[in-house]
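Take a look at the structure below.
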Amino acid sequence: MNEALWLLDSRGRFEVRSTSRPTPREGEVVVRVRAVAVNPVDALTGPVRRFVTPWVRYPTVLGSDVAGEIVATGAGVTRFSPGDRVVGHAAGQERVRNTPAEGAFRNHVTLLERVCSELPGDLTFERAAVLPLGLSTAAAGLYEADQLALPFPTAPGTSRDGEPRDGGSRDGVVLVWGASTSVGSNAVQLARASGYTVIATAGRKNHDFARSLGAETVVDYRDADVDEQIVRAVGSRQLVGTLAIGRGSLAHAVRIVRRSAGTKGIASAYPDPITRLRSLVERPRGIRISSIWGGTPVVSPVGPAVYRDFLPQALADGRFRPAPEPRVVGTGLAAIPGALATLREGVSATKIVVAIDPAPAPYAVPADAVSADAAEQERDQ
Ligand SMILES: NC(=O)c1ccc[n+]([C@@H]2O[C@H](COP(=O)([O-])OP(=O)(O)OC[C@H]3O[C@@H](n4cnc5c(N)ncnc54)[C@H](OP(=O)(O)O)[C@@H]3O)[C@@H](O)[C@H]2O)c1
């Protein structure tokens, strides 16, 4: 049995329908989905949905966050074999992929090997599913050449005496505004793994959480003097980059970088219509504002640098922790619309996750298997 949760139109009507099973092409794997997480982009409806992803045709299959088991590998994939447990960024909603066969909300999904990571045996699918879009968005902001362009995180190695060794430390501070968001939880850890000191904002009840991810100092973004507190915390150090996550974050970030020494780059995960205008206004002051697109690592060198070269080992030795905490709200594809409703109510340092039935039927690439291209035709079903 293979089913998908189809989004029938941009207004947000969903239906679970049976669908054909994909077969992997070069560089692709097919994964039996065991857990998915939902993201704000999945919860958009109406004109906002059409504005954010205008290229998507309906019906379509949403979802970026997948954890599951490999059932088939395409040509050129040597890193994985059937049965391997992985987490991966499902790219079906990206302009460059744009196919329902690669949307996470299905029993079997096609993923690009370059944005998949093997999971350690003790990490559950539900915990791992919190990672992909938050991780990719944080990585895009920190590492893409047209964003903060910081050095990639270092895969923690093991020295000859068996002791873990650090990737080293660098001078400079990264400011993560919104550390208790999914994007921010990953950004704090990635920036630390790149060797930087992290100063962060989060709601007061999440300060311990942000510190546990590696932030040196955490300030409540609701404090009237939040900018002043951050400028003081940075002190005479260089601010090497700011990730602005959450409503209103960009205005604060601009005020802070104006008053701090450093490279004055701000990557915004919350671009709105005036972000571009603000970017033009601030440029003469040497402040460079960029808008993050979390799907960029799916095709850029940042994807493999994080998913192949860093994450598997960092998860295995506990240096990187799937965060924020999962809250499993149901089981099965039909539970996903309810999960989206829960997300719309708001979350705090939590990722909404849905477990997917194990569907134990053995996977065989069927004679009428469809490639990702042919899966486009599924829309007409
Ligand atoms: N550009 C892209 O490609 C891309 C991709 C993914 C996400 N995003 C955007 O990035 C943002 C975060 O997404 P997410 O899924 O990571 O969010 P999330 O986990 O759903 O965010 C929930 C958290 O937001 C925090 N928060 C609320 N208002 C805030 C503010 N003004 N400043 C800082 N933190 C605030 C809350 O903190 P406390 O509970 O601690 O108060 C809460 O923990 C959203 O705006 C989302 O649309 C963009």
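If one computes the Cα centroid of region 288-332 and of region 14-66, what distance in Å separates the two points?
Centre-to-centre (Cα) distance: 18 Å.
Test of understanding: extend the Cα→C-beta vector of Arg247 to 7 Å, then name every residue of region 271-297 with backbone N under 18 Å from that spot.
271-275
How far apart, in nm, are the 7 Å Cα→Cβ label points at Arg11 and Leu277?
So the two model labels end up 3.3 nm from each other.
Could you provide, to the nearest whole Å², the per residue accessible area of region 1-126 with probe 1.4 Å?
On a per-residue basis, 35 Å².
Taking only C-alpha pairs under 8 Å that are 6+ residues apart, what is the relative contact order of the chain in percent?
21
In a solvent-free Debye calculation with one equal scatterer on each Cα, what is log10 I(q)/I(0) for the chain at q = 0.08, 0.14 Å⁻¹, listed in the order of the q values?
So the normalised log intensities work out to -0.39, -1.16.
Roughly speaking, to the nearest percent, how much of the chain's 1.4 Å accessible area is carbon and sulfur?
Summing carbon and sulfur atoms, their accessible area is 50 percent of the total for the chain.
Where both partners of a DSSP beta bridge lie in the chain, what percent of those bridges are antiparallel, to the nearest 5?
55
Taking H as built 1.01 Å from N, whose amide H comes closer than 5 Å to the amide H of Lys351, not counting residues under 5 places away?
Answer set, sorted by chain and number: Glu325, Arg327.
Run through all the Cα pairs of region 138-296 and give the fraction in each 10 Å bin from 0, expressed as whole percent.
So the P(r) values, bin by bin, are 12, 43, 34, 9, 2, 0.
Limiting things to C-alpha atoms, what are the Rg and the maximum Cα-Cα separation (Dmax) for region 222-310, in angstroms?
Taking only Cα atoms of region 222-310, I get Rg and Dmax of 14.5, 42 Å.
Take Ala335 and Arg237, extend 7 Å from each Cα along the Cα→Cβ direction, and tell me the distance between the two endpoints in nm.
With each label placed 7 Å out from Cα toward Cβ, I get 4.1 nm.
Tell me the net charge near Gly83. Cut-off is 13 Å between Cβ atoms, Gly83 excluded, with +1 for each Lys or Arg and -1 for each Asp or Glu.
Residues near Gly83 contribute 0 overall.
Would you mind working out the accessible area per residue for region 252-339, using a 1.4 Å probe, and quoting it in Å²?
Heavy-atom SASA per residue in region 252-339 reads 46 Å².
The values are calculated or read from the model by the stated rules, or taken from the named source; none is laboratory data. Here the structure is a predicted model, which is why all the values come from computation and not from measurement. Note: ideal-geometry Cβ built from the backbone for every residue, glycine included; neighbour counts use all protein chains shown. Heavy atoms of the whole protein, side chains included, go into the accessibility calculation; ligands, DNA and RNA do not. Shrake-Rupley method; radii C 1.70, N 1.55, O 1.52, S 1.80 Å.
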